[in-house]
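A.B. asks: Okay, here's the structure, questions in a sec.
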Amino acid sequence: MRIPYEYAIIRAVPRVERGELINVGVILYCQRLDFMAARTHLHEGRLLALDPNADLDGIRASLKSWEITCAGGADGGAAREMKLGERFRWLVAPRSTILQAGPVHMGLAVDPSAELDRLVELLVR
């Protein structure tokens, strides 16, 4: 049986004033299965084409923090106290930072984790 989920693409916008971006990950939330995860992939060459001075180490660390926050790990900070739905909404809220979530989309899948892998391959890699 296919189950509804929500997802957003995580985008790197190294120079916010220019509005140029690359896709660097996907965050997926499935309320029915109490599942949320982010998978990321930073294509350094693409990012450096947009901004040769981009802080790759900082962006990698920030992407890792998205994954940790989704997983609710000990390093997840105050977000680990939030319910998954609250955490998802907080992560996908509009912001003017180097890492941003795109619009939220809906889908149906049998296995949200496998669907997340598929979306990362399709939209990021």
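A.B. asks: So which residues in the range 1-38 are over 18 Å from residue 103 (Cβ atoms) and under 11 Å from the mean Cα position of the chain (by Cα)?
C.D. replies: 37
A.B. asks: To continue, here is another question. Could you list, in sequence order, all residues of the range 97-118 that are part of a strand (DSSP E or B) and within 15 Å of residue 9 (Cα to Cα)?
C.D. replies: Within the range 97-118, 99, 100, 101, 105, 106, 107 meet the criteria.
A.B. asks: Quick check on my filter: what residues within the range 30-52 are closer than 10 Å to residue 112 by Cα and part of a strand (DSSP E or B)?
C.D. replies: 30, 35, 36, 37 - these are the residues of the range 30-52 that are closer than 10 Å to residue 112 by Cα and part of a strand (DSSP E or B).
A.B. asks: Which of the residues belonging to the range 69-96 are within 19 Å of residue 11 (Cβ to Cβ) and of a type outside the set (Lys, Arg)?
C.D. replies: Correct list: 69, 70, 88, 90, 91, 92, 93, 94, 96.
A.B. asks: Yes or no: residue 121 within 21 Å of residue 3 (Cβ to Cβ) and in a helix (DSSP H, G or I)?
C.D. replies: Judged against the criteria, residue 121 is a match.
Every residue, every condition in (1) closer than 17 Å to residue 95 by Cβ; (2) free of Cβ contacts under 8 Å to residues at least 12 places away in the same chain; (3) touching a Lys or Arg at 6+ places or on another chain (Cβ under 6 Å), yes or no:
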residue	(1), (2), (3)
2	no, no, no
9	yes, no, no
12	yes, no, no
21	yes, no, yes
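A.B. asks: Could I ask something else about it? Here's a check for you: in the range 1-22, which residue that is in contact with a His (Cβ under 9 Å, 6 or more places away or on another chain) and surrounded by fewer than 20 Cβ atoms within 10 Å (Cβ to Cβ) is nearest to residue 117 (Cα to Cα)?
C.D. replies: The qualifying residue nearest to residue 117 (Cα to Cα) is 6.
A.B. asks: Looking at the structure I just gave you, is residue 4 out of contact with any Phe, Trp or Tyr (no Cβ under 8 Å at 6 or more places or on another chain), closer than 21 Å to residue 125 by Cβ and not in a helix (DSSP H, G or I)?
C.D. replies: So residue 4 fails the test.
A.B. asks: Against the conditions (1) in contact with a Gly (Cβ under 6 Å, 6 or more places away or on another chain); (2) among the small types (Gly, Ala, Ser); (3) in a helix (DSSP H, G or I), where does residue 85 fall short? Just the number, please.
C.D. replies: Condition (1) is where residue 85 drops out.
A.B. asks: Sort through 79, 109 and tell me the only one that's closer than 17 Å to residue 26 by Cβ and touching a Lys or Arg at 6+ places or on another chain (Cβ under 9 Å).
C.D. replies: Answer to the selection: 109.
A.B. asks: On to the next question. Being of a type in the set (A, V, I, L, M, F, W, C) and either part of a loop (DSSP other than H, G, I, E, B) or touching a Gly at 6+ places or on another chain (Cβ under 9 Å) (or both) is the filter here; which residues of the range 13-29 pass it? Lay out the reasoning, then the answer.
C.D. replies: Step one: of the range 13-29, the residues of a type in the set (A, V, I, L, M, F, W, C) are 13, 16, 21-22, 24, 26-28.
Matches in the range 13-29: 13, 16, 21, 28.
A.B. asks: Identify, please: which residue in the range 30-50 is charged (D, E, K, R) and surrounded by fewer than 17 Cβ atoms within 10 Å (Cβ to Cβ) and is, among those, nearest to residue 108 (Cα to Cα)?
C.D. replies: Per the criteria, the residue is 32.
A.B. asks: Checking the conditions here, which among 91, 116, 122 is touching a Leu at 6+ places or on another chain (Cβ under 6 Å) and either surrounded by 19 or more Cβ atoms within 10 Å (Cβ to Cβ) or closer than 17 Å to residue 24 by Cβ (or both)?
C.D. replies: 116
Where a number appears in this text, it was derived from the coordinates with a stated rule and is not lab data. Owing to the predicted nature of the structure, the values given are computational and were not obtained by experimental measurement. Neighbour counts run over all protein chains shown; Cβ positions are idealised from the backbone, glycine included.
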